[in-house]
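Quick notes on the structure that follows.
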Amino acid sequence: MAVPDRDEKKRKQFGNRFLTDTARLFQHNAWDNVEWSEEQEAAAQAKVREQSMQLVPQDQQDSEDLERLDTERNSNSNITYQLQSEDEMTSQKLGEGKVIKDGDFPGSSATYRILEVGCGAGNTVFPILQTNNDPGLFVYCCDFSTTAVDLVQAHPEYDASRCFAFVHDLTKTQTPFPMPDESLDVVVLIFVLSSLLPEKMQCVINRLSQLLRPGGIILLRDYGRFDLAQLRFKKGQCLADNFYVRGDGTRVYFFTQDELDLLFSTAGLEKIQNIVDRRLQVNRGKQITMYRVWIQCKYRKPQGDDESVAGRISSIIN
């Protein structure tokens, strides 16, 4: 792996459980900031080279894509936010079918607004709502899967006065969001960007950047190069360099810090943090070690001399 840059060396550690004695390896489930040996790094590079020697044929790549779309997209995916639906619940999911105007969108009266993209069943959304009781907080959450949004809306703690869940496909650039540009303080991306086609990633980050207020930030956590999930892939599952298809038809990309920095900086965002989180997870019962490589980023939309937005964001996420 690349030598850590200066800000990575100086960064505050993710945790305080460090493996200083290998005899204690199986005393805990995980260890923080475990660096790799040269031999381990060389083996990972060789494994990835071997995977890339046998790519999925192009015609099969197309079928995998169609299968993924068929299983995850609802049957009414052609409905957009501008179209009215006769079903009230579907209308709520798709943004009430309104043309967005100032003061005429969910959460318009909120003091600060957070959007989680790829919310799943709400494992991030609901903890945010539970730990922040400020009435000025409003949380948006979206997912490609209608089933996921159904689960969020059916959750006993879903409160439409504080949260708005909706179906959204990030790659459909003509499908608008249910909030106007420059209205969000925070956008959260947790293992989402890696599921997109690499050629569509820049457009997605550009769109999300437009939603941020000056001073707003994007928080990302995603797969790093040579993560265990990458090294486990077998021959014939590689679509392109560091890009794979799983058995269920979903796709995953494994990033470097430089690749993510280029995506965010091209979208006009400034780096606050871009670091590698290297974890050693262990299965104490089976005596198995698992090396995880994740990247964590914070990028901010330029705000000039106004620090008020940054202060509001800090009060929510810290």
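Of the residues making up region 248-261, those that are assigned to a strand (DSSP E or B) and farther than 20 Å from Ile217 by Cβ are Arg251, Val252, Tyr253. Does at least one position in region 148-165 carry a residue that is under 17 Å from Leu212 (Cα atoms) and under 16 Å from the mean Cα position of the chain (by Cα)? Looking through region 148-165, none of the residues is under 17 Å from Leu212 (Cα atoms) and under 16 Å from the mean Cα position of the chain (by Cα).
Here the condition is being surrounded by 17 or more Cβ atoms within 10 Å (Cβ to Cβ) and farther than 24 Å from Thr124 by Cβ; of Leu239, Leu212, Leu260, Leu231, it holds for Leu239 alone. Just one of the numbered conditions (1) under 13 Å from the mean Cα position of the chain (by Cα); (2) farther than 27 Å from Lys172 by Cβ is not true of Thr131: (1).
Among the numbered conditions (1) part of a helix (DSSP H, G or I); (2) modelled with pLDDT under 90, the only one that Asn133 does not meet is (1). Do we have any residue at all in region 122-140 that's among the small types (Gly, Ala, Ser) and surrounded by 16 or more Cβ atoms within 10 Å (Cβ to Cβ)? Scanning region 122-140 turns up at least one residue that is among the small types (Gly, Ala, Ser) and surrounded by 16 or more Cβ atoms within 10 Å (Cβ to Cβ). Within region 262-284, the set of residues being charged (D, E, K, R) and in a strand (DSSP E or B) comprises Glu270, Lys271, Asp277, Arg278, Arg279.
The values are calculated or read from the model by the stated rules, or taken from the named source; none is laboratory data. Just so it is clear, the structure is predicted and the values come from calculations on it, not from any experiment. Glycine also receives a Cβ, built like all others from the backbone with ideal geometry; neighbour counts cover every protein chain displayed.
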